[in-house]
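Down below is the structure, laid out as structure tokens.
The values are calculated or read from the model by the stated rules, or taken from the named source; none is laboratory data. As the structure is a prediction and not an experimental result, all values here were calculated from the model. Backbone-built Cβ (ideal geometry, glycine too); neighbour counts: all protein chains shown.
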Amino acid sequence: MAEQNPRFFNRELSWLEFNQRVLEEARNPDIPILERIRFLAITASNLDEFFMVRVGGLQAIVGSHSHKHDPAGMTPAEQLQAIRDRTQQLTRDQYACYVEELEPQFQTAGLRRLRPDALDPQQSQVMRQVFQDEIVSLLAPMAVETPGDFPLLVNRTLSMCVRLQRPEPGRPDEIETRYVVIPFGRIPLRFVTLPSEGTYSFVLLEEVVQHFAAQFFPEETVCECVAFRITRNADMSIREDLASDLLSEMEDLLVARRESDCVRLELADAASEALTCFLQECLDISSDEVYRVPGPLDLTPFFQLADVGSGAENRYEPWPPKQSPLVDPQESMFDTIARQDVLLYHPYESFDPVVRFVNEAADDPDVLAIKQTLYRTSRNSPIVAALARAAEKGKHVTAIVELKARFDEERNIEWARALEHAGVQVFYGVKGLKTHAKICIVVRREPQGIQRYVHFGTGNYNDATARIYSDASLLTCDEQLGADAVSFFNSVTGYSVPQPLMQIAAAPLTLRDTIEEMIEAEIEFKRQKQPAEITVKVNSLVCPRMIELLYRASKEGVRIRLNIRGICCLRPGVKGLSEHIEVVSVVDRFLEHARILHFRHGGDHRVLISSADWMPRNLDRRVELLVPVDDAASKKKLITALESYFRDTIKGRRLRPDGRYVKLKQSAKAETMAVPAQQWLYEQTCREVELADRSRQAMLEAIRAPVGE
């Protein structure tokens, strides 16, 4: 379908192209097999969330009979149709990857998928025993005589639909057809392990149930037993202005999601037309929402196979995070930060100093207060535990726990209650906005007076994802940044008009304006015949107003380089519009998550980190932060990292004007790298650590005689 506005790409189709790039990693034969399985599972998980949020939202808009065009010129109905077409192709590509490329190589990684009708006697006996002892006890077949009888199925879980036939009572010549649904619910037994030498051998749960289905219905004929799976709409929100108890309202929202409309039906491709029509009628969906699958439904649990497979050669070479040369594990974090700013680039550098920072704050008797935002945290978060411990020790602890962090609401509700129980003053964010800023403030009493130590980050306070997400952390006791941080935090918790901030910028008040002013400054430098350049790394670029400003800068001759991991609605390389704009995307072993901005600014080189992507929601409807990095060494480190992504000819993809992503080519004119950017960054980190270790070893420290001897 031709887009009506050539200035923009559609955001939904751009996201699907991102998921296609992830799938390219699953299909890349140069990547170890277990990592390819993991990438395939990621594409399935990504697609689930896309349907729950984006497709569910679009369906609601279509249902309201809205014909409003998006910036690319497409109506909601046109977007839905384009999404369906593209997703059908993406699904075919996923299963071609699994069936033709990955499963045939399972044996090389110590994995073996078996079929119930091709087992040896011992395996058959074990499978039968598991079915009789475990599966039969867990499952409950549910007869469905009318659509009103259809069970309330758990979102994103497997079920079986069974079509049965039996003679009608009293009329043996008449055959009655009926349907039964067997919901799996949240049963954890997706892979039924069978005895085997040297391999992890398994059969899929749905195939076991299919094999023994007749045992559920001893006097009937099982005509077919087919796996299916539904995805429900999760694009739901609450009216915060009407909510007297936000936590209670969020709990009600989670319940509402369990009963929301079906937006996708995944169905084994062997399903008959009769069974398909039965499910469509019961779920009240059209044929457009049916996705036939030529392989195992729900590839997300295949993460487990990537974990149980064997062979070091079948996994990535381990890249353990390095301890920053700036952080001495024997020295207090407060002494380290007082001496110099500490800029960490995760996961190449360990997240431990951030955890240590909060832990030391909790236990240090001189710390008076801790103020922190929490958006997404790990299941057993050491940071949350430290905040609770600090409050129990009598420190004044304030936490902004964002209850509206999508799909983490339940965990955040649990954390909020636990922190309140420990004595932490908990806020649930700002009414009408999500608090997405990443900030931790520690107020400490020192001989010279009160000192503020601050951590700013581009990623969440999550020690688990910090090992697989690329993010930046800044630890500082800069007086002005500390004052701004406290003013910002107090304005959020006090629901007050923020005091003017001198260094940092906050959305939705000043962040957008600050970025636009810096772009305008580059335009002015170019008009004055000075070099002008903008380099930005964010996850998504959607905001039409920001894109139009970048187009204007390009027309003025400003060189613009954008590293956009996912959605990019800007169309680069169009003569007379965006010919000076380059867009690259890097998909590799770590999820690119850092937001870094570099403006040449007449040679002054302004460098900033941010929690915000360039999307209307981040710039206008969230609480976000934009923080300048002024320390010379830290600026250089971030600029070096930024530059590496534009030289990556292995994992880097350049966005073409027609929307295609192509590999970056090695060029004699431009500096390129024969190794992926992430590998280069890790190796560079290792070199810096090694150099620092050598320097310390080379230092001679005199041993002084004790005083008085």
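For segment 330-342, the tally of residues that are in contact (Cβ under 8 Å) with a residue 24 or more places away in the chain and either under 30 Å from residue 109 (Cα atoms) or in a loop (DSSP other than H, G, I, E, B) (or both) stands at 3. Looking across 452, 417, 512, one residue alone is more than 21 Å from residue 324 (Cβ to Cβ), touching a helix residue (DSSP H, G or I) at 6+ places or on another chain (Cβ under 6 Å) and part of a helix (DSSP H, G or I). It is 512.
All of (1) surrounded by 22 or more Cβ atoms within 10 Å (Cβ to Cβ); (2) among the hydrophobic types (A, V, I, L, M, F, W, C); (3) farther than 20 Å from residue 72 by Cα hold for residue 591 with one exception: (1).
Among the residues making up segment 308-323, those that are free of Cβ contacts under 8 Å to residues at least 60 places away in the same chain and either farther than 30 Å from residue 360 by Cα or crowded, with 16+ Cβ neighbours inside 10 Å (or both) are 312, 317. Exactly one residue out of 528, 503, 499 is polar (S, T, N, Q), touching an Asp or Glu at 6+ places or on another chain (Cβ under 7 Å) and farther than 25 Å from residue 565 by Cα: that is 503. Residues in segment 526-542 include at least one that is over 30 Å from the mean Cα position of the chain (by Cα) and of a type in the set (A, V, I, L, M). Can you pull out every residue in segment 130-170 that is assigned to a loop (DSSP other than H, G, I, E, B) and among the charged types (D, E, K, R)? Result: 145, 156. Residues that are under 23 Å from residue 214 (Cβ atoms) and out of contact with any helix residue (DSSP H, G or I) (no Cβ under 8 Å at 6 or more places or on another chain) were ranked within segment 154-170; the one that is surrounded by the fewest Cβ atoms within 10 Å (Cβ to Cβ) is 169. Of all residue pairs spaced 6 or more apart or on separate chains, those with beta-carbon atoms under 8 Å, a first member in segment 431-458 that is assigned by TED's automatic domain parsing to the domain that holds residue 355 and at positive phi and a second member that is at pLDDT below 95 and surrounded by fewer than 19 Cβ atoms within 10 Å (Cβ to Cβ) are 432/240; 432/241; 432/621. With respect to residue 2, determine if the residue is more than 30 Å from residue 575 (Cβ to Cβ) and either at pLDDT 95 or above or among the aliphatic types (A, V, I, L, M) (or both). Answer is no for this residue. Just a yes or no: is a residue in segment 152-175 in contact (Cβ under 8 Å) with a residue 24 or more places away in the chain, within 30 Å of residue 285 (Cα to Cα) and among the small types (Gly, Ala, Ser)? Within segment 152-175 (the criterion being in contact (Cβ under 8 Å) with a residue 24 or more places away in the chain, within 30 Å of residue 285 (Cα to Cα) and among the small types (Gly, Ala, Ser)), the answer is yes, since at least one residue qualifies. Applying the criterion of being surrounded by fewer than 17 Cβ atoms within 10 Å (Cβ to Cβ) and touching a residue at least 12 places away in the same chain (Cβ under 8 Å) to the residues of segment 522-544, the residue that is nearest to residue 586 (Cα to Cα) is 544. Within segment 188-216, being farther than 13 Å from residue 305 by Cα and touching a Ser or Thr at 6+ places or on another chain (Cβ under 6 Å) holds for one residue alone: 194. In the set (1) part of a loop (DSSP other than H, G, I, E, B); (2) surrounded by 22 or more Cβ atoms within 10 Å (Cβ to Cβ), residue 345 fails one condition alone, (1).
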